[in-house]
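The values are calculated or read from the model by the stated rules, or taken from the named source; none is laboratory data. Just so it is clear, the model here is predicted, and its values are computed rather than measured. When we count neighbours, we look across all protein chains shown, and the Cβ atoms used for this are built from the backbone with ideal geometry, even at glycine.
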C-alpha cells in the first residue's frame, strides 16, 4: 500500500516519518500529473504547493483550524489529503470535484476559491469572528505572490495591520528561487526571532541599557543599525513596519523547515504573522518546472482538434494590427497577457502594453486616464474577472464617456473551471450602464471587425466573446467598421423569429435548418449589439412572424432577452409571443462546454426543440396554423 493510501484525513499525516513524508510528496505529484493530464486543470501551481499542503495539515487541525486557499488552483494536494482521494479522478468533471476550493464540497475548504486576492479578507473576517466568540482556533490564509498584488489583498493587509488580530498569512512565493546563503541566514534568523526566549532577552537587554549612562541613545543607535541591516537582508522589513511578524524566506519544499516555521508562527501569539515560503511552480515534474506558464492550466487529454485560431488569438492578432496602424492604441490586461492573447503585442510594443497584475479596478481606471489624454486603450479582461471593476466602468469610464474598449474574453459558458469562472453575467451587468455600447460577434471574423469598430467609436464600448475556437470563419484581410447598433438578418422566414447574440448565432442557424426539415420556416437575426439594440430590424421581424425566441449564453435576468422584451413592449408589440432562452437563475457548475450548452438547450437541437415546445401549433401543417 502506498503512503497516500493510508491518509484518509489530515490527522493521519502526524504519524508519518520524515522518509514517509518525502515518499508521500512524490506520490501526490504522481497522482496530480496523471489525473490532470487527462482531466485538465491547474497543474504547475498545485505541484509547487505539495510540501506546503503537507506541512499545513501536520501543524494545524483542519477543519477546526481554518485554512483559506487563495484562488484554489494550488489546492489539489490539499484535496487529496482531506478525504477526497477516492474522488480525485472526477476533478473538473461533470458531477465531480471542483478545480477550486468549495465549502459545499468539504468542511476542509474553509472558503470559496476561484478569483484571486480574497483569502486575507475572508481569513481576517474568520479571525475577527473567532475573537468575538472568544474562540481559540487558528486561521491561516495561503496566498500567492501574484494574488498579493491585487488591490483587495492590499486593502485587507491594511485593515489587518490596523486591528492587529491573531492571523497567519502564508505567502506562497513561486516567483523567485532561494539562494542557499540567504536561505540559511533567514532560517537561523527566524529561529531566533520567533523564539520566546529572544523576545524576553530583548526586553531584558533594553531595561539594562536604559539604566546605564548614555544607555537610551546607545539603544536607539543600535536599534537603527539593526533595522538597516534587516532592511538590506530580510524582505519582510516593510511588513514589520506595519506591525506584522515576518518569517522567512522558508524553503517551501523542505517539510521540516516548513513545519518549524508554521509551528512557531502558530505558537507566537503576540503579533499577526506572515510566513514567506519560496516554492517552485511545477516542482517535481520537469516539463512544468521548465515552462510553468504553459503548465499553469492544462487542457484535457486528448486535446480537442482545432482547425483555426481561438477567439483570443484572433483578438491578439487584431490588436497587433491596430497598434501598428495607430500610435494612439494601447492595451491593458490584469495578469493575463498570454490568456487574453496580448503576449505578441507586448513583445512588439512593450511600452504600449500594460500588465497591471491582478488589479482589474486599477486596469479600468488606468484606461480612463489614458483615454482622457487622447489615447485609445483596449482593456482585455475575462468576463468573470471584469465583475470586480463594475464601479470603475460606471464612474470612471461611462459617466465621463471616455473612449475605452473592453475586450471581454471567456464570455458565456467556459466549461470545466466552473461556477466561479463562467462568464454568464456580463450582458446583464454591462447592459444596465447608460452610454456603454455592448456587442458580441458570431464568429472570429466579426470579432476583428467589432474590435476595430470599438477603437473608432469615440465612446466606451465592450466586445464580449467566448472561450475557445469559433466556427472557423475566414478572416477578411481589411478591417471595417460595423454601424453601431445594427443587426444583421441572416435568414428570412414567416413562422418564427430566432433573435440570437454572439456564440448562439451559429447554433440558431443550424436550428433553423433542423426546423426547415419539419416544415417550419425561420427568420434568424444576428443582433450583434445588445446595447443599443437594432429596434427597427428586431421589431419588424417580430411583427412579421408574431413569434420570437431570443437566445443567449447569459443569465436571463437582465440579459439580451430582457432587452428584446422591453423593446417590443415599448413599440406596442405586446401581442408578439416571445420566449427567452438562456441561463436560468442559477450558477453554472463545471462540465464540458458542449455538455452545458446541451443541458441549457443552447445547442442547435435544443434551440429547435424550444421553438416547437414554445409554439406547438407550428407542428401542424401550414394550412392549419394560427
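Quick notes
- Matching residues in segment 478-501 - criterion: being assigned to a loop (DSSP other than H, G, I, E, B) and either surrounded by 17 or more Cβ atoms within 10 Å (Cβ to Cβ) or in contact with a strand residue (DSSP E or B) (Cβ under 9 Å, 6 or more places away or on another chain) (or both): 479, 482, 484, 485, 486, 487, 492, 493, 494, 495, 501
- Yes/no for residue 19 being within 17 Å of residue 170 (Cβ to Cβ), modelled with pLDDT of 90 or more and not in a strand (DSSP E or B): no
- Index of the failed condition, residue 436 passing every other in (1) surrounded by fewer than 18 Cβ atoms within 10 Å (Cβ to Cβ); (2) in contact with a helix residue (DSSP H, G or I) (Cβ under 7 Å, 6 or more places away or on another chain): (1)
- Flag if residue 28 is part of a helix (DSSP H, G or I), in contact (Cβ under 8 Å) with a residue 40 or more places away in the chain and closer than 17 Å to residue 255 by Cα: yes
- Yes/no for residue 292 being modelled with pLDDT under 95, in a loop (DSSP other than H, G, I, E, B) and surrounded by fewer than 19 Cβ atoms within 10 Å (Cβ to Cβ): no
- Among the residues examined, residue 14 does not qualify as more than 24 Å from residue 145 (Cα to Cα), part of a helix (DSSP H, G or I), touching a strand residue (DSSP E or B) at 6+ places or on another chain (Cβ under 9 Å) and at pLDDT below 95.
- Residue under evaluation residue 528, criteria (1) at negative phi; (2) touching a residue at least 60 places away in the same chain (Cβ under 8 Å); (3) under 33 Å from the mean Cα position of the chain (by Cα), criterion not met: (1)
- Restricting segment 531-547 to residues that are under 13 Å from residue 493 (Cβ atoms) and not in a helix (DSSP H, G or I), the residue that is farthest from the chain's Cα centre (by Cα) is 546.
- Candidates 409, 443, 396, 416 - the one that is over 30 Å from residue 596 (Cα atoms) and crowded, with 18+ Cβ neighbours inside 10 Å: 396
- Which numbered condition residue 611 misses (of (1) surrounded by fewer than 19 Cβ atoms within 10 Å (Cβ to Cβ); (2) under 23 Å from residue 558 (Cα atoms)): (1)
- Taking (1) in a helix (DSSP H, G or I); (2) more than 25 Å from residue 119 (Cα to Cα) in turn, residue 55 satisfies each apart from (2).
- Qualifying positions in segment 68-115 - crowded, with 24+ Cβ neighbours inside 10 Å and more than 25 Å from residue 34 (Cβ to Cβ): 68, 70
- Among (1) in a helix (DSSP H, G or I); (2) within 22 Å of residue 411 (Cα to Cα); (3) more than 15 Å from the chain's Cα centre (by Cα), the one test that residue 388 misses: (3)
- Flag for residue 510 being under 22 Å from residue 414 (Cβ atoms), in contact with a helix residue (DSSP H, G or I) (Cβ under 7 Å, 6 or more places away or on another chain) and not in a strand (DSSP E or B): yes
- All conditions in (1) closer than 19 Å to residue 512 by Cα; (2) surrounded by fewer than 15 Cβ atoms within 10 Å (Cβ to Cβ) hold for residue 585, with the sole exception of (1).
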